[in-house]
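All of the numbers you see were taken from the coordinates with simple rules; none came from a lab. What you see is a predicted model; the values in this text were computed from it and never measured. Virtual Cβ from ideal backbone geometry, glycine too; neighbours counted across all protein chains shown.
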Amino acid sequence: MQSSYNDFSKVQSQTINNTMDMVIKSCDIMIENIKFKIGDHDEKNQNQLNPNIIRILDIGSSHGRNSIIPINLIISTVLKQFPNQCFEVYHEDLPENNFSLLFKEISDNKNSYIKLSNQIYFYGIGNSFYNQLVPSNTIDYVFSFSASHWSNYHVSFHYDPDSIGVYCKHRSKEYKQYCIDILYKNFSLRAKELKKGGIFMLTVMNENENENENENENETPTSSTTTTTTTTTSNENNVLYELFKLSKTVWKQMANENLISMNEVDKMIIPINFYRKDEILDSIKMVENDYGLKLISIKLHLQKFSDSHDSMILSDQEKSEILFSYMNAACETSLKNFINGDQTTKDSLYQLFISKFINQIKISPIKNIENLFSYYSIILEKD
């Protein structure tokens, strides 16, 4: 049985909490754009009815608990300006996502956004966000937290013989261009879906590159600056890389015990990209030129283990087990896709993997679990 993402997603929840100021800023921009379109320039008339439904698109909703946080903020902010506003909320995830858990969370959670008004309607979309999800020019606000790093399973230069993560010991020109292209595809599809004046708020995982500490991270750049084509990355020292590396080791042990074929293990990959800032900016510049989706703000964050846990009282083993539970909840379905056999076989082998992994970190836990990853929060607006 798949782990419940709702129960093991504190890191993702903290990512959202860390960007609430950006959500407020972007929501204010959206509201001003709506007021302008309905001709409301007068402060005394700012509570007039917006005749149009406000549509919100949630990219990578999973089982819904984390999505409720920003949607609550967006809807409550809009209701202060338009008390009788009608909303439609679209939750996107892959078809294999458990949408029953998603709908149950939205309906039963006492803090759910549907408690804010009786004019809120919600829907599920079982599709990849690398496809257009809704008709063009229909969405007012898109958000994507802890989702835009997911990529394609079937790109040969991704495979790392030592890890289930993306191979990126050296950032080749080919891989760099792939990162730009796949970001551009995501951004351009959202640009098509957005109304004029609509907002795309997202987070993008960063590879922990060394940036100038004096750089103003909130400054909106006027142009992108790509300066390198081959760069040695820091992912080998990254906690997530160590987690992915240990996972591959355990799967190889299972192959050596003839529990699974080495061919299946060799193909296993968690298709997560850690993007560089220049790749992000290049993609945004392209989509602004092609679709009018412009950069409003970009800010760098560091996700720490201690942001969501009391590190002082936890052992290395306990930290490793917690971190593994997060990875497992997010990646279980992806890894099972590489296991041959029926669902019972996949479930059985995966449970064995979990047991062996836990035993492994009891013997040799991951050390120095604190700085997990860095990421950019980004606001884009459609002109």
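Less than 12 Å Cβ to Cβ from residue 141, Lys/Arg counted +1 and Asp/Glu -1: what total charge do the surrounding residues give?
Numbers: positive: 55, 190, 195, 382; negative: 28, 58, 88, 140, 193, 381.
Around residue 141, the surrounding residues sum to -2.
Using the Cβ atoms and a cut-off under 13 Å, what net charge is assigned to the surroundings of residue 357, where Lys and Arg are +1 and Asp and Glu are -1? Please list the in-between numbers first.
Numbers: positive: 245, 248, 252, 356, 362; negative: 242, 321, 332.
Net charge in that neighbourhood comes out at +2.
So if I take the centroid of the Cα atoms in region 105-123 and the same for region 294-340, what is the distance between those two points in Å?
27
Ranking 288, 96 by Cβ neighbours within 10 Å, fewest first, what do you get?
Working: 288 18, 96 12.
With the fewest neighbours first, 288, 96 line up as 96, 288.
Using the number of other C-beta atoms within 10 angstrom as an exposure proxy, rank 299, 110, 362 with the fewest first. Each step should come with its number before you reach the end.
Numbers: 299 18, 110 5, 362 11.
Fewest-to-most ranking of 299, 110, 362: 110, 362, 299.
Extension gain residue 17-residue 311, at 0.36 nm per residue separation less the Cα-Cα distance, in nm? Can you show the working numbers first?
On the way: separation 294, 0.36 × 294 = 105.84 nm, distance 1.89 nm.
Here the answer is 103.9 nm.
Apply the a/c threshold of 1.5 to the C-alpha gyration tensor of region 235-344 and tell me whether it is rounded, prolate or oblate. Each step should come with its number before you reach the end.
Details: a/c = 2.73, a/b = 1.43, b/c = 1.91.
It is oblate, given that a/c is not under 1.5 and a/b is not larger than b/c.
Take the alpha carbon gyration tensor of region 265-311, find the square roots of its eigenvalues, order them as a ≥ b ≥ c, and report rounded if a/c is under 1.5; if not, report prolate when a/b exceeds b/c, else oblate. Kindly include the intermediate steps, with their values, before the conclusion.
Details: a/c = 3.68, a/b = 1.40, b/c = 2.63.
Oblate.
Which of rounded, prolate or oblate describes region 282-344 when judged by the alpha-carbon gyration tensor and an a/c cut-off of 1.5? Mind showing how you got there, number by number?
On the way: a/c = 5.16, a/b = 1.36, b/c = 3.79.
Because a/c hits 1.5 or more and a/b fails to exceed b/c, region 282-344 counts as oblate.
Starting from the Cα-Cα distance between residue 53 and residue 368, subtract it from 0.36 nm times their residue separation and give me the gain in nm to one decimal. Walk me through the numbers on the way to the answer.
Values: separation 315, 0.36 × 315 = 113.40 nm, distance 4.87 nm.
Separation in residues times 0.36 nm, less the Cα-Cα distance, equals 108.5 nm.
Taking all pairs of different Cα atoms in region 324-383, averaging 1/r and flipping that mean, what Kirkwood radius in angstroms comes out? Kindly include the intermediate steps, with their values, before the conclusion.
On the way: mean 1/r = 0.0686 Å⁻¹.
Hydrodynamic radius (Kirkwood, Cα only) of region 324-383 equals 14.6 Å.
Could you put 300, 189 in order, starting from the residue whose Cβ has the fewest other Cβ atoms within 10 Å?
On the way: 300 15, 189 20.
By the 10 Å Cβ count, ascending: 300, 189.
Using r as the Cβ-Cβ distance of residue 80 and residue 177, and R0 as 35 Å, what FRET efficiency do you calculate, to the nearest 0.05?
Working: r = 44 Å, r/R0 = 1.27.
E between residue 80 and residue 177, to the nearest 0.05, is 0.20.
Which whole-number percent gives the relative contact order of region 226-383, counting Cα pairs below 8 Å spaced six or more residues apart?
Working: 138 pairs, mean separation 65.8, N = 158.
Relative contact order here is 42 percent.
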